[in-house]
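Asks: Here it is, the structure in full.
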Amino acid sequence: MICFLDFDGVLHPQALDAPIPAEKEFCHLGALEALLREFPQVLVVISSSWRETVEMPVLVALFSEDIQPRIIGATPTAGPDPYGKGHVSREDEIRAWLTANGGLDQLWVALDDLEHQFVRHCDRLVACDRGTGLDERSFAELRQHFERAAAL
Ligand SMILES: [Mg+2]
């Protein structure tokens, strides 16, 4: 299973119009990594807008060493609008990545706080509350996705 991972509003809370306090930055990453260790078949693709400004090796280095090999890429950020909607949503970026990397039939889940970016695949979105980021509810929901995939 592939987990498309957003950062802001997921791995740390994101207040509107305010920078993330340094002590909160990536405060939920440890919990996510612990879950990933329970499900070694899950691979991670970064869908966060951080990928637009930060080089991939720097993004990968944010993760613990044992998790780093499981960060297999980032969704595409530019290119033609494949769906003719005039804009490319996060969901479209995920579909573009899947199409280019093994096809749309793969099992995947997205962890994101931008619920409105997902229209066709709401069942594959674990939506986080941006004010808290990954909390007990979204963590449990993500675990269910991983468990379902592991049971197949
Ligand atoms: Mg976000």
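Just so it is clear, none of the values below were taken in a lab; they were calculated from the coordinates. Note that this is a predicted model, so its numbers are computed, not measured. Reconstructed Cβ throughout: ideal geometry from the backbone, glycine too, with neighbour counts over all protein chains shown.
Asks: Quick check: pseudo-label points 7 Å beyond the Cα along Cα→Cβ at ALA150 and THR77, how many nm apart are they?
Replies: 3.4 nm
Asks: Also, I was wondering about something else. At a threshold of 8 angstrom on Cα-Cα distance, excluding pairs fewer than six apart, so keeping six or more, what relative contact order does the chain reach in percent?
Replies: Relative contact order for the chain comes out at 35 percent.
Asks: Take each of the peptides 14-22, 59-67, average the number of other beta-carbon atoms within 10 Å over its residues, and list them starting from the highest.
Replies: The peptides rank, most packed first, as 59-67, 14-22.
Asks: Kindly work out what percent of the DSSP beta bridges joining two residues of the chain are antiparallel, to the nearest 5.
Replies: 5 percent
Asks: While we're on this one: Can you tell me the convex hull volume per residue for the chain, based on C-alpha atoms, in Å³ to the nearest whole number?
Replies: Looking at the chain, the number lands at 120 Å³ per residue.
Asks: Rounded to whole Å, give me the distance from the Cα center of the stretch 1-35 to that of the stretch 112-152.
Replies: Measuring centre to centre over Cα atoms gives 13 Å.
Asks: Along the charge dipole of the stretch 85-136, Cβ charges K/R +1 and D/E -1, which of GLY131, VAL109, VAL119 sits furthest on the positive end?
Replies: VAL119
Asks: Rounded to the nearest 500, what is the chain's calculated 222 nm mean residue ellipticity when only DSSP H runs of at least 4 contribute -39500 (n - 2.57) each, over all residues?
Replies: That calculation yields -8000 deg cm²/dmol at 222 nm.
Asks: About its Cα centre, how strong a charge dipole does the chain have in debye, to the nearest 20, once Lys and Arg get +1 and Asp and Glu get -1 at the Cβ?
Replies: For the chain, the charge dipole is close to 400 debye.
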